[in-house]
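Written below as structure tokens is the structure these notes are about.
The values are calculated or read from the model by the stated rules, or taken from the named source; none is laboratory data. If you're wondering where the values come from, they're calculated on a predicted model, not measured in any experiment. With ideal geometry, Cβ positions are generated from the backbone for all residues, glycine too; neighbour counts draw on all protein chains shown. Remember, those area values only see protein heavy atoms, side chains included, never the ligands or the DNA or RNA. Shrake-Rupley method; radii C 1.70, N 1.55, O 1.52, S 1.80 Å.
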Amino acid sequence: MPTFDLKRVRPYGDTLDDGIVQLSFTLPVPFGEEAQEAARRFALQSGLQDPKVVHAQDLGEGFSFFVLYARSQVSVDYTTIAIPKLTHEHLAKPEIETRIRTLLGRKLVVVGACIESDAHTVGIDAIMNMKGYNSHKGLESYHEIDAFNLGAQVPCEELLAKAHEVSADAILISQVVTQKSLHLRNLTKMIELLELEGLRERFLLIAGGPRINYELAKELGYDAGFGPGTYAEDVASFVLERVLTKASCPIKD
């Protein structure tokens, strides 16, 4: 096995440490040889070396798409990287059910939705719907969890009202659309609404989506963030742990 200098990590293409990268992008120029040269010069002026256009495609209406190979001299010190991560215990569905029944003594209540203009329910459905995905059943299949999936394009006010109505322990928000940072605006709106109502500490607030991670969620004021590859039991484990902790150490008025 080769040894790796983790203080000087570079991309790998054909041979170790060659710095070869693949990048794809669109330029607002008509398709042709001039467009390919523009793509090559863009890579050069971005600090990449020996760029080669390996694929070019006419997108119509004055747009062209490119895939390039190029070489980078940049390296990163992998040993200095520290990413905030969730540290809760990951439980399987049967254990979650048992702990809710024996330790909490009541059903766990969760509401979720895609808020505001986001109409993509694939994320929230994967976590909440009965069938879940990839052989991982959703929260609706848990006997000890009352899960309310409000669906898509739900105003923040409506989601909060539902959380009040059912005395929810946690509010789950899925954001799939990320163009022009729409997900950040929507997630921030929910935080501002809760703070305005003086209810931020009342509910666990969890965000999920393709551009969401724990660090971003915490920066926005959420309790946790879950990205791609998350299953219902991951979310349920976190919610249960936090709810049990809060029950054993209630906040005094």
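Per residue, the convex hull spanned by the Cα atoms of the stretch 1-71 amounts to 89 cubic angstrom. Per the 1.4 Å probe, what fraction of the accessible area of the stretch 145-227, in percent, lies on carbon and sulfur atoms? Exposed carbon and sulfur together represent 47 percent of the surface. Using the rule -39500 (n - 2.57) for each DSSP H run of four or more residues, divided by the residues of the chain, the 222 nm mean residue ellipticity is -9000 deg cm²/dmol.
Only beta bridges with both residues in the chain are counted; by DSSP, about 50 percent of them are antiparallel. Taking all protein chains into account, the per residue accessible area for the stretch 63-217 stands at 51 Å² (1.4 Å probe). Using every pair of separate Cα atoms, the Kirkwood estimate puts the hydrodynamic radius of the stretch 175-253 at 13.5 angstrom. If R0 is 41 Å, what FRET efficiency do you get for Asp17 and Arg106 from their C-beta distance, rounded to 0.05? Approximately 0.10, to the nearest 0.05. Expressed as a whole percent, the accessible surface of the stretch 5-112 that belongs to carbon and sulfur atoms is 54, based on a 1.4 Å probe. Phi-derived couplings, Karplus 6.51 cos²θ - 1.76 cosθ + 1.60 at θ = phi - 60°, listed residue by residue for the stretch 77-84: 8, 5, 6, 8, 7, 9, 9, x Hz, with x used for Gly and Pro.
Per the Debye formula on identical point scatterers at the alpha carbon atoms of the stretch 1-140, with no solvent, log10 I(q)/I(0) at q = 0.12, 0.15, 0.16, 0.22 Å⁻¹ is -0.86, -0.92, -0.93, -1.21. If you model the stretch 118-169 as an ellipsoid using its alpha carbon gyration tensor, with each semi-axis the square root of five times an eigenvalue, the axes come out at 20, 16, 5 Å, biggest first. Where the alpha-carbon atoms of the stretch 83-173 are placed on the principal axes, they occupy 38, 31, 30 Å, in descending order. With bins 5 Å wide beginning at 0, the percent of Cα pairs of the chain falling in each bin runs 1, 6, 11, 13, 13, 11, 10, 9, 9, 8, 5, 3, 1, 0, 0. Looking at the chain as a GNM with Cα springs under 10 Å, which of Ala35, Ala113, Ala92 has the largest mean-square fluctuation? Of Ala35, Ala113, Ala92, the most mobile in the Gaussian network model is Ala35. Taking Arg40, Arg99, Arg185 as the candidate residues, the one with maximal mean-square fluctuation in a Gaussian network model of the chain, Cα springs under 10 Å, is Arg40. Which cross-chain or sequence-distant (5 or more) residues have an amide H under 5 Å from the amide H of Val176, H modelled 1.01 Å from N in plane? Excluding prolines and chain starts, which carry no amide H, the hits are His120. Within the stretch 46-96, the GluC sites (Glu not before Pro) that combine a DSSP coil assignment with at most 16 other C-beta atoms in a 10 angstrom radius are Glu61, Glu89. Helix 232-248 sits at what angle to the longest principal axis of the chain, using alpha carbons and giving 0 to 90 degrees rounded to 10? Approximately 50 degrees, to the nearest ten. Remark: relative contact order (the stretch 28-164) = 18 percent; criterion is Cα-Cα distance under 8 angstrom and separation of 6 or more residues. Our note on the geometry: Cα centres of the stretch 65-121 and the stretch 150-170, 21 Å apart. Considering only Leu193, Leu103, Leu27, the mean-square fluctuation computed in a Gaussian network model of the chain, springs between alpha carbons under 10 angstrom, is largest for Leu27.
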